[in-house]
Amino acid sequence: KLAMEFPSEDIFLMTASPVIKAVTNFKQISKTLEEFDVEEQPSSLLEKRYPNIKVIQSGVKQLKSDEHKIFTEDGKEYMYEKLCLCAGAKPKLIFEGNPYVLGIRDTDSAQAFQKKLAQAERIVVVGNGGIALELVYEIQGCEVIWAIKDKAIGNTFFDAGAAEFLIPKLTAEKRETPIVCKRTKYTMEGSEEKERPTAASDKLGSALGPDWHEGLHLKGTKEFSHKVHIEILCEVKKIHLQQEFIQLQRTSLTFPKDEKNVEPDEVLWPVYVELTNGKIYGCDFIVSATGVVPNVEPFLDGNNFAVGEDGGLKVDKHMHTSLPDIYAAGDICTASWEPSPVWHQMRLWTQARQMGWYAAKCMAADTLGESIDLDFSFELFAHVTKFFNYKVVVLGKYNAQGLGLDHELMLRCTKGQEYVKVVMQNGRMMGAVLIGETDLEETFENLILNQMDLSAYGEDLLNPDIDIEDYFD
């Protein structure tokens, strides 16, 4: 975007990785909903397309904001007129530095995970967001103990009702044929022949796109399809290595038969997980899919950034940080303007793309001395994804975020087919969750945006025999 706005200016893109993430197959589904694939491409493609962009492949060691200088790991320094920090976030590991704990947030860690899974008989998955959800669904032939701190699965995206709707898919033996992956994968040159050096957990890969598990062969050693046991309302208390566990002289549990887990386990496992509910399970390794923390480390030292409660760099509605000429976008930043009543920040691909695009517009406007309005994409929270092979659309305050007790829910559910939930407040629609091919996203998007009073329609709003689109076209 910047390269198009300022064809005669030099634009440096600093990245620790030899590939860049490009958005492909972009489709605008409605005013605020968009779908796209994320593809890794060699950075040379970007330089070919925009001759004024130079990609510098090196990590950032230090930022000296008062001197307008960036120092890179390879010992060089660069002056900037304007700087945008888009360093993303890194996985929030439950225990740092334990070789049996794998954090998943990017393509490198997904590949490492796949290698380990090939030898695994049982794993423990910790976390309840999108990645944990997809992972548990995709894994076959390996026992999975899934530890979640909430009452229901998929808490970041759903409520207990949606979880109930999805759970039968976890135990279904027959799998639909997966959709063909449209993403091309680039590997580093020569990386196929020799073993790739394993990325240390502090080396940041780029975050996963919405279809990251496509084309990965996620299958363990056992011959059954799905074996998932969910432990709710618990977190990991301790992790014991095999020797420590033997010395503890405590009992670990087998994989529950018929949901009853009382059997002591005779097998010796490489690592043991002790949960806060008192249960101990042995496993081959643990997957930590417990969300991310903004990757602000290299930039804080010596710079007086205002930082949000979630650890991100605070930005105003023009994506400015608190320091002059420095902007931030994506997972690294914390939106600190007064948001629209039906928008909230979530560290997702869609928002990262929108913020990056908008930050470039703001940088351009500031340089040219023009004023600019907050982008339309921040009017309504809107996200489309796929879980368990269902299309999932979440709109507005889909989980009644911040609405307190002052709201009501309306539901419509057809087992195995669709799940529709709307969040209403004072007769107005504030949010919605749509699972399956409901075709309601555009209508609901309009109803949330225009805040029309729907009290008169009552229960008929979700009546399947009434074509709601006809009312509100």
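Only protein heavy atoms count here; on that basis, with a 1.4 Å probe, ILE167 has an accessible area of about 60 Å². Taking θ as phi - 60° and the Karplus parameters 6.51, -1.76 and 1.60, the scalar couplings of the stretch 35-44 work out to 10, 7, 9, 10, 10, 7, 10, x, 5, 4 Hz in sequence order, x denoting glycine and proline. Model label sites at GLU121 and ILE372, defined 7 Å from Cα along the beta-carbon direction, differ in position by 5.7 nm. Please state the shape class of the stretch 316-355: rounded when a/c is under 1.5, otherwise prolate if a/b exceeds b/c and oblate if not, all from the C-alpha gyration tensor. Oblate is the answer for the stretch 316-355, as a/c is 1.5 or above yet b/c matches or exceeds a/b. For GLY59, the residues 5 or more places off, or on other chains, whose built amide H falls under 5 Å of its own are GLU73, ASP74. Between the listed residues MET4, VAL392, VAL228, the Cα displaced farthest toward the positive end of the dipole of the chain, a dipole computed from Cβ unit charges relative to the Cα centre, is found at VAL228. Remark: spin-label model distance ARG49-TYR78 equals 1.8 nm, labels positioned 7 Å along the Cα→Cβ axis. Take the alpha carbon gyration tensor of the stretch 382-471, find the square roots of its eigenvalues, order them as a ≥ b ≥ c, and report rounded if a/c is under 1.5; if not, report prolate when a/b exceeds b/c, else oblate. It comes out oblate by the Cα gyration axes.
A 1.4 Å probe over all protein chains sorts LYS391, LYS386 by accessible area into LYS386, LYS391, starting with the largest.
Pairs from the list LYS227/LYS421; LYS61/LYS317; LYS227/LYS257 with a Cα-Cα gap above 19 Å: LYS227/LYS421; LYS61/LYS317. The heavy atoms of SER336 offer some 60 square angstrom of accessible surface to a 1.4 angstrom probe. Rounded to the nearest Hz, the phi-derived 3J(HN,Hα) couplings of the stretch 422-437 under the Karplus curve 6.51 cos²θ - 1.76 cosθ + 1.60 (θ = phi - 60°) are 10, 9, 10, 9, 6, x, 10, 7, 10, x, 7, 10, 10, 10, x, 8, where x marks glycine and proline.
Using a Förster distance of 45 Å, how high is the FRET efficiency between LEU411 and ASN98, based on the Cβ-Cβ distance and rounded to 0.05? Taking R0 as 45 Å, the efficiency between LEU411 and ASN98 is 0.60. On the beta carbon distance between GLU9 and ASP325, with R0 = 25 Å, the FRET formula returns roughly 0.95. Could you check the spin-label model distance between ASP301 and THR251? Points 7 Å from the Cα along Cα→Cβ, value in nm. Computed distance between label sites ASP301 and THR251 equals 5.2 nm. Of LYS116/LYS169; LYS27/LYS386; LYS31/LYS90; LYS149/LYS386, which ones are farther than 20 Å apart at the Cα? Among LYS116/LYS169; LYS27/LYS386; LYS31/LYS90; LYS149/LYS386, the Cα-Cα distance tops 20 Å for LYS116/LYS169; LYS31/LYS90; LYS149/LYS386.
Across the stretch 336-349, coupling constants 3J(HN,Hα) worked out from phi with the 6.51/-1.76/1.60 Karplus curve, θ = phi - 60°, read 10, 8, 6, x, 4, x, 10, 10, 8, 7, 9, 7, 10, 4 Hz, and Gly and Pro carry x. Of the whole protein surface, THR414 contributes about 60 Å² of accessible area at a 1.4 Å probe radius. About the centre of its Cα atoms, the stretch 382-471 shows a dipole size close to 540 debye [charges on the beta carbon of Lys, Arg (+1) and Asp, Glu (-1) only; nearest 20 debye].
The residues LEU440, LEU409, sorted by heavy-atom accessible surface at 1.4 Å with ligands and nucleic acids left out, run LEU409, LEU440 from largest to smallest. Charges were assigned to the Cβ only: +1 to each Lys and Arg, -1 to each Asp and Glu. The resulting dipole of the chain about its Cα centre is roughly 1320 debye.
With the cut-off at 1.5 for a/c, could you classify the stretch 49-152 from its C-alpha gyration tensor as rounded, prolate or oblate? Prolate.
The values are calculated or read from the model by the stated rules, or taken from the named source; none is laboratory data. Because the structure is a prediction, the values reported are computed rather than measured. All Cβ positions, even for glycine, are placed from backbone atoms using ideal geometry, and neighbour counts span all protein chains on display. Heavy atoms of the whole protein, side chains included, go into the accessibility calculation; ligands, DNA and RNA do not. Shrake-Rupley method; radii C 1.70, N 1.55, O 1.52, S 1.80 Å.
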